[in-house]
Amino acid sequence: MDNLTLSVSVSGNHAEFMASSDKFPDCFKASYPYVFTWSFYKKYSAGYYYSFDSCAAEEYSGEGVYKESLSIGNLLDGSARVLETDVIIGNPSPIGSFNYAFDEINKKRILFKDNSIAKRGTKIVSWLWDFGDGTTSEEQNPSHEYSFPSNYEVTLTVVSDRGDKNEYSQRVDMPNEPPAANFRVESVSDLTFSFFDESTDTDGNIVKWEWDFGDEAISGEQNPMHTYGAAGKYRVSLKVYDDGYAEGSYWTMLDTTTGILNRDPSVNISGIGLFNNRPFISFKYDDDGIIESCKWDFGNGTTREDCGTYYDNMRRVFVPNYSNGTYNVKVTVTDNLGGKASDEATVKVNGGYITISK
Ligand SMILES: [Ca+2]
Ligand SMILES: [Ca+2]
C-alpha cells in the first residue's frame with residue numbers, strides 16, 4: 001500500500017471519507033484482500049464493521065471535532081494499518097463567556113467566573129483576561145481589584161487545544177456613590193478666610209476640589225485660603241470629584257463682616273384652602289439649616305409668629321376671622337443664622353368667599 005492517504009470532505013453535517021493508495025485508487029471497487037474498518041460504524045454495530053469499500057460517509061450532529069480512525073487490514077498476510085483524521089463539523093472555536101460579581105467587602109474587587117464552552121472534541125487550554133484598565137490575567141477565574149470605580153470593558157480570550165480562539169467582551173459597571181460636598185470657614189484676618197473641605201465619599205476618595213469664592217477667584221486646593229477685595233456677602237461654592245469621577249457640590253453665602261456661612265431661606269405663599277371650614281394659607285420655605293421663625297402680618301392689624309403645620313409638602317397657617325375686604329398678607333421667615341426671606345399676597349374676602357392672589 002504505497003501513497004496511503006485518508007481524506008475527508010465535509011459539507012454541513014455530512015462527511016465523506018476516502019482512503020486511497022496504489023492498491024485501491026477509487027471508491028467502491030473491489031479491493032480484496034484489503035478490508036476497511038471505520039471507527040464510526042462502531043456506533044451502529046457492537047463489533048467491527050468490515051467493508052470492502054475504501055470510501056464511507058457519516059452524518060454528524062453538533063459542532064465540534066470528531067476523531068475518526070480507519071483500520072485497513074490485509075486478509076492474506078494479517079497485517080493492518082491505522083489512519084486517523086479529524087472531522088471538523090461547523091466552527092470548532094470555543095465560545096467565550098463569563099460573568100462577574102462584586103466582592104462583598106471590597107466593592108472595587110471583582111470576582112470573574114469563566115463560563116466559556118468548548119466545542120465537542122476540544123478543550124479550552126488558555127484564558128486571557130483584559131480587565132480594561134491596562135492589566136491582564138491568565139487565570140481561568142481571576143479576581144481583580146480596580147484602583148477606582150468606573151465602567152470597564154473586560155475582554156476574555158479563550159483558546160482551544162486546536163488553537164482556535166474566541167473573544168468575549170462585557171462591560172463591568174462598578175457602583176459609585178457620588179461624594180457629598182461640604183465645607184466650613186475660619187476667619188484669618190479682616191477679609192482673609194481659611195476654607196476647610198469637609199466633603200465625604202462613602203465608597204471612595206475625593207481626588208479633586210474646585211472652589212469658587214464668589215468674587216471670580218477660584219482654587220483647586222483642598223483647603224485654600226482667600227482674601228476678598230471688599231467686605232460683602234459672597235456666594236462660595238465647592239465642587240468635588242471622587243475617584244470614580246462622580247461629583248458633588250455645595251454652595252452657601254459668606255458674610256465677610258460676620259464670617260458666617262449661611263444660605264438665606266426662601267419662602268413662597270402658594271394658595272388658600274379650607275380645613276374643617278377654617279381657611280388657611282399654604283406656604284413653603286427652603287433653607288440649608290433651620291427656620292427659627294415665621295412672622296405673619298395678616299394686613300388687618302393682626303400679626304402672629306406661626307410656622308404652621310406641615311401637610312402634603314406644604315405648611316399651613318390659619319388666617320384670622322376677616323371681615324369683607326382686601327388684605328395684604330406678608331410673611332417673613334428667619335433662619336437660625338439670621339438669614340431672612342419674605343413673600344406677600346393679597347387676600348380678598350367677600351361674603352362666604354375667600355381668595356388669594358399674588
Ligand atoms: Ca464614590
Ligand atoms: Ca440658612
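Thr136 passes every criterion in (1) at pLDDT 95 or above; (2) under 21 Å from Gly64 (Cα atoms) apart from (2). Listed here are the strands (runs of 3 or more DSSP E) enclosed by region 52-158 that have at least 1 residues being acidic (Asp, Glu) and touching a residue at least 12 places away in the same chain (Cβ under 8 Å): 55-59, 64-74, 80-89, 109-114, 124-130, 143-145. In summary, Asp215 fulfils each of the numbered conditions (1) in a loop (DSSP other than H, G, I, E, B); (2) modelled with pLDDT under 95; (3) more than 16 Å from ligand 1 (Cβ to nearest atom) with the single exception of condition (2).
Which of the residues spanning region 134-155 are under 21 Å from Pro178 (Cβ atoms) and surrounded by 15 or more Cβ atoms within 10 Å (Cβ to Cβ)? Residues satisfying the conditions are Tyr146, Phe148, Pro149, Ser150, Tyr152.
Scanning region 159-197 for residues that are within 16 Å of ligand 1 (Cβ to nearest atom) and assigned to a loop (DSSP other than H, G, I, E, B) returns Met174, Pro175, Asn176, Glu177, Pro178, Pro179, Ala181, Asn182.
Among the residues of region 70-77, not a single one is farther than 27 Å from Pro33 by Cβ, surrounded by 13 or more Cβ atoms within 10 Å (Cβ to Cβ) and either of a type outside the set (S, T, N, Q) or in contact with a strand residue (DSSP E or B) (Cβ under 7 Å, 6 or more places away or on another chain) (or both).
Considering region 223-249 alone, what residues qualify as being in contact with a strand residue (DSSP E or B) (Cβ under 8 Å, 6 or more places away or on another chain), under 27 Å from Pro179 (Cα atoms) and surrounded by fewer than 18 Cβ atoms within 10 Å (Cβ to Cβ)? Asn223, Met225, Lys233, Arg235, Ser237, Lys239, Glu247, Ser249, listed by residue number. Among the small types (Gly, Ala, Ser), surrounded by fewer than 18 Cβ atoms within 10 Å (Cβ to Cβ) and without any contact (Cβ under 8 Å) to a residue 40 or more places away in the chain, is that true of Ser323? Answer is yes for this residue. Meeting the requirement of 1 or more residues that are in the same structural domain as Thr200 (by TED's automatic domain parsing), within 16 Å of ligand 1 (Cβ to nearest atom) and among the hydroxyl-bearing types (Ser, Thr, Tyr), the strands (runs of 3 or more DSSP E) wholly within region 227-325 are 233-242, 247-255.
The values are calculated or read from the model by the stated rules, or taken from the named source; none is laboratory data. Model, not experiment: these values are computed from the prediction. Heads up, the Cβs are rebuilt from the backbone with ideal geometry, glycines too, and the neighbour counts pull from every protein chain shown.
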